[in-house]
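Okay, so here's the structure we're looking at.
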Amino acid sequence: MRSRSMMTLGGSVLALALAGPACADDTPTTAGAVDRLKGLTNEAIGSAKRGVGNLTEDEALKAEGQAQKLRGQAEQGRGRAKDVRENALDQ
């Protein structure tokens with residue numbers, strides 16, 4: 001079961017990560033960059049959950065963290081693929 005603080009932390013990190021760079025300099029972001037950023041965020045949060053699960057010996061939290069980390073890695077791969085496709089179309 002997720003703790004309320006863990007859900008808030010995840011949402012806050014994602015919101016800051018997504019809003020920060022795009023708002024700072026108003027450069028357009030590509031779909032690939034957005035996916036890569038979401039992936040990095042999910043991977044980091046998943047790693048944190050696994051770490052907390054290891055410390056507390058909470059098997060469910062460790063599994064949830066591992067799953068979120070893997071989702072993050074998949075999102076990053078999807079973002080890289082979008083970038084490759086977009087770069088190929090630009091040439």
Practice prompt. Among the residues of the range 58-83, write down those that are free of Cβ contacts under 8 Å to residues at least 24 places away in the same chain and loosely packed, with under 15 Cβ neighbours inside 10 Å.
Written response: E59, A63, A67
Discussion item. I need the helices (runs of 4 or more DSSP H) fully contained in the chain, keeping only those with at least 3 residues that are at pLDDT below 55 and polar (S, T, N, Q).
Written reply: 4-25
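The values are calculated or read from the model by the stated rules, or taken from the named source; none is laboratory data. Every value quoted in this text rests on a predicted model; they were computed, and no experiment measured them. Positions of Cβ are backbone-derived with ideal geometry, glycine not excepted, and every protein chain shown enters the neighbour counts.
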